[in-house]
There are 2 protein chains.
Amino acid sequence: MQFRHPSDKDDVLRTKKDAFKIPEGVIYLDGNSLGVLPKNVPARLAEVVEQEWGMSLIKSWNEHSWFDLPLRVGNRIGRLIGAPEGSVVACDSTSVNVFKVLAAALSLRADRKVILSDNGNFPTDLYVASGLAELLDKGHELRVVAPEEVEAAITEDVAVVMLTQVDYRTGRLHDMAALTEKAHQAGALAIWDLAHSAGAIPVDLKGAKADFAIGCGYKYLNGGPGAPAFLYVAEVHQDNVTSPVTGWMGHEAPFAFDLDYRAVHGVNRMTVGTPAILSLSSLYAALDVFEDVDMADIRKKSISLSELFIKKVEEKCPQLTLASPRDPETRGSQVSFRFEEGYAAMQALIARGVIGDFRAPDVMRFGFTPLYLSHQDVVDAVAILADILETGSWDRPEYKSRAKVT
Amino acid sequence: MQFRHPSDKDDVLRTKKDAFKIPEGVIYLDGNSLGVLPKNVPARLAEVVEQEWGMSLIKSWNEHSWFDLPLRVGNRIGRLIGAPEGSVVACDSTSVNVFKVLAAALSLRADRKVILSDNGNFPTDLYVASGLAELLDKGHELRVVAPEEVEAAITEDVAVVMLTQVDYRTGRLHDMAALTEKAHQAGALAIWDLAHSAGAIPVDLKGAKADFAIGCGYKYLNGGPGAPAFLYVAEVHQDNVTSPVTGWMGHEAPFAFDLDYRAVHGVNRMTVGTPAILSLSSLYAALDVFEDVDMADIRKKSISLSELFIKKVEEKCPQLTLASPRDPETRGSQVSFRFEEGYAAMQALIARGVIGDFRAPDVMRFGFTPLYLSHQDVVDAVAILADILETGSWDRPEYKSRAKVT
């Protein structure tokens, strides 16, 4: 085997790329938005559809353990984020899970009214928090500060500190352990959104003493578009909270069809409705690739890829300004650059097979997924980007038109 | 073509069975719990996975209109339940949707504190209502009466009447138009759970002036296990309510990433997180079979099948007692019988290929899905049931053991 870039030769993850279907001619730098298709997923999904649903029908809930699937998927994810067996469940969307854990956390701090977050949080988390505050109508305040001001803002009136560990625009990485400790010292609880962390960087929820966490199944976990999200509840809280949405799947005995709700023991009480078996099965299969992977190796390669990307872009694309932290220790697995014509430049880049994305007003965002990217991919991507910028080929009406939704 | 049962000859829906994969030797009387696999679903799902996700990746949100999928699925369902274009959206689970519409309805009747339901409602609806009342902590009362007492219980202190149209155990059918009118006369709003109605009986939400409705995608709509649920908001309310769970998909401009929530115009404001594209695509494809179907024909055949079933069971199985209304006009598309050893009898029946289900304490439940059942199926199913009861072959340890979850 020949390696065009020397760093690819020593890459312990290099064979992992074979587990994914990467379209010919594409360098995919958007795994932080939608992970690529793992090759084992289509066959597994076909089996679930044609054999389990098609042949075993309703019996599959028992015969194929569909009932346990939210917890089985949760346990696989748990291993990647430092969560003990039985503390993570896969269900609903990330937004719905934010609602559930935030309501649960506030119920544990009923005497306090402040939800602290930062303006680098993904907006849906803030929307859900302000909507919940309005619904509760008890004077809760969503206090939003700049990311660097969070630590100082953890005062004794804060009920819950709710943060996304990796900023979706800049990749800036919060220190989970330190901020959680600060929160606890102030008598507050900590909720961590791991949307851009799970599968991308090592996370130690238990070690950091995080109270709650939530995250996406369709980014670095490659579960497929709109894959179910996940939800973590620290063991110490599991039997002290209930979901604000008390659906039958969280009931102690759903098939007793009692008229009164009694929450089941453990994290399963945070589940609500009938689990989405097709989407969950895709996510379960997608997690196969992580089984023999050490998150430390993923982190090491992620830093190597993103450092190379920054170095090359700064060498070859002087029009762009780094929008991510320069120190890789304070950055997740993505790198963003600011460019006034970033939208058009990104469209031009995509047209040439280098897929990243754009976040208003001027951020060109590039995700680095160590499982299916090589150092040579990074070098090739920057060469195309440099060519687009040098030739000004982004300056075409079809690239500048913003008809697209994303 | 030969018809063993004369009624099958005149069945205008008889060719529809070919659109479904029914396992050899199975008579499936559980489409009210999990619909069978439509034959077109596996290929469509494979296309979404391998081509849309696999090849177009993130671009599919625009190129394959993934963003519109909740509304496109909703419009297909809307046609079956008398809902105008743009008033139904497919998203989340039924339980989560109950939470959303109930909170929305209560916000429109802030001066009233009573949620009226009946003890024939599916328990998750009651769990969600009592959980929401507890969360709101404003003295809301969930008042649960017997189904036949609902009408008289609609008094002027009732904020919302929340009912499942077809009782999940007995098939008893509420008069949606009459009860909605009564609710409105009393100044209350009406929420209808169509879990056992959509695709099974003609529903006219607009004609009945229903305020909100929700329902399942995986029962008579055959969308697959845990398929996304649907949610209806009457046009008059659409811009006067917001979801209690204010996620980014309900935002006016999700990709502006504003820090403040502004609900989008229309029913889409009730969506929350990133749509589950795989599950939604399965549901969308499953609805193909309804495109040229008149719900009146479905209803006619449903009554014909269930009347035949009752007649034959009462002739041949004197051990069983009808638990469903005898008048087909007050019954949905399912029939239940009580039998003390119903659990074991159902297991014995399933072992012989006749799949129904059991609901505690003693209800044997049989669903009739006119799209894939024939009159001959009904006759054959009763013959097997009669044999099991006559020979007492249900009386075996393996049938009596209740280790199974369902």
- Note on the structure: The FRET efficiency for B:R44 and B:D239, from their Cβ-Cβ distance with R0 = 22 Å and rounded to 0.05, is 0.05
- Note on the structure: the protein assembly as shown: Kirkwood hydrodynamic radius (Cα pairs, Å) comes out at 27.5
- Query: Most mobile of B:S304, B:S33, B:S56 per a Gaussian network model of chain B (Cα springs, under 10 Å)?
  - Reply: B:S56
- Message: Suppose accessible area is computed on protein heavy atoms with a 1.4 Å probe; arrange A:E52, B:E181 from highest to lowest.
- Response: B:E181, A:E52
- DSSP bridge orientation in the protein assembly as shown - percent antiparallel, rounded to nearest 5: 55
- Task: Estimate the FRET efficiency between B:R352 and B:D175 by the formula 1/(1 + (r/R0)^6), using the beta-carbon distance for r and 51 Å for R0, to the nearest 0.05.
- Result: 0.85
- Query: Amide H to amide H under 5 Å from A:G224: which residues, 5+ apart in sequence or cross-chain, H placed 1.01 Å off N in plane?
  - Reply: A:G35
- Item | Where B:R331, B:R4 fall by accessible area, highest first, once all protein chains stay in place (1.4 Å) | B:R4, B:R331
- Message: Give me a comma-separated list of calculated 3J(HN,Hα) values for the range A:8-13, in order, Karplus coefficients 6.51, -1.76, 1.60 applied at θ = phi - 60°, integers in Hz, x for any Gly or Pro.
- Response: 6, 5, 8, 6, 5, 9
- Message: If amide hydrogens are placed 1.01 Å from N in the peptide plane, which non-local residues have theirs closer than 5 Å to the one on B:L322?
- Response: B:R338
- Note on the structure: Quick calc: nm separation of the 7 Å Cα→Cβ label points for A:R396 and A:D292 -> 4.4
- Note on the structure: One would report the antiparallel percent of DSSP beta bridges in chain A, rounded to the nearest 5, as 55
- Heavy-atom accessible area of A:E141 with all protein chains present, probe 1.4 Å, nearest 10 Å²? 80
- Query: Rounded to the nearest 500, what is chain A's calculated 222 nm mean residue ellipticity when only DSSP H runs of at least 4 contribute -39500 (n - 2.57) each, over all residues?
  - Reply: -10000 deg cm²/dmol
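Evaluate the relative contact order of the range B:42-153 (contact order divided by residue number), counting alpha-carbon pairs under 8 angstrom at least 6 apart; express in whole percent. Please report the intermediate quantities before stating the final value.
Values: 93 pairs, mean separation 19.8, N = 112.
Computed value for the range B:42-153: 18 percent relative contact order.
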- Going from most exposed to least, what order do A:H5, A:H184, B:H196 have by accessible area with a 1.4 Å probe? A:H184, A:H5, B:H196
- Item | Label-point gap, in nm, between A:D157 and A:D10 - each point 7 angstrom along Cα→Cβ | 5.3
- Note on the structure: Chains B and A: accessible area buried, summed over both chains, 1.4 Å probe, nearest 100 Å², reads 7000
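What is chain B's relative contact order, in percent, from Cα pairs under 8 angstrom and six or more apart in sequence? Provide the component values of the computation, followed by the final result.
Working: 799 pairs, mean separation 86.4, N = 406.
Relative CO of chain B lands at 21 percent.
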- Return the single residue from B:I115, B:I350, B:I201 with maximal mean-square fluctuation; model: Gaussian network over chain B, springs between Cα atoms under 10 Å. B:I350
- Using a 1.4 Å probe, how large is the accessible area of A:R44, given in Å² and rounded to the nearest 10? 70
- Item | For A:F358, residues with placed amide H under 5 Å, excluding near neighbours | A:R365
- Query: To the nearest 0.05, how large is the calculated FRET efficiency for A:K300 and A:R109 if R₀ is 51 Å and r is the Cβ-Cβ distance?
  - Reply: 0.85
- Message: Under a crude label model (7 Å from the Cα following the beta-carbon direction), how far is B:E134 from A:A253 in nanometres?
- Response: 1.8
- Round to the nearest 10 and report in Å² the accessible area of A:I384, as given by a 1.4 Å probe over the protein chains' heavy atoms. 40
- Message: Going through the cross-link list A:K209/B:K59; B:K9/B:K206; B:K311/B:K400, which pairs have a Cα-Cα distance over 30 Å in this structure?
- Response: A:K209/B:K59; B:K9/B:K206
- Query: Most mobile of A:G217, A:G171, A:G353 per a Gaussian network model of chain A (Cα springs, under 10 Å)?
  - Reply: A:G353
- Query: Given the pairs A:K39/B:K39; B:K219/B:K300; A:K16/A:K100; A:K21/B:K17; A:K113/B:K100; A:K100/A:K182, which span a C-alpha to C-alpha distance of over 29 angstrom in this model?
  - Reply: A:K16/A:K100; A:K21/B:K17
- Item | Kirkwood hydrodynamic radius of chain A, Cα pairs, Å | 22.2
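Per residue of A:131-137, what is the mean number of Cβ atoms on other protein chains within 10 angstrom of that residue's Cβ?
6
The values are calculated or read from the model by the stated rules, or taken from the named source; none is laboratory data. Here the structure is a predicted model, which is why all the values come from computation and not from measurement. All Cβ positions, even for glycine, are placed from backbone atoms using ideal geometry, and neighbour counts span all protein chains on display. Ligands, DNA and RNA are stripped out before the accessible areas are found, and what is left, the full protein with its side chains, is counted by its heavy atoms. Shrake-Rupley method; radii C 1.70, N 1.55, O 1.52, S 1.80 Å.
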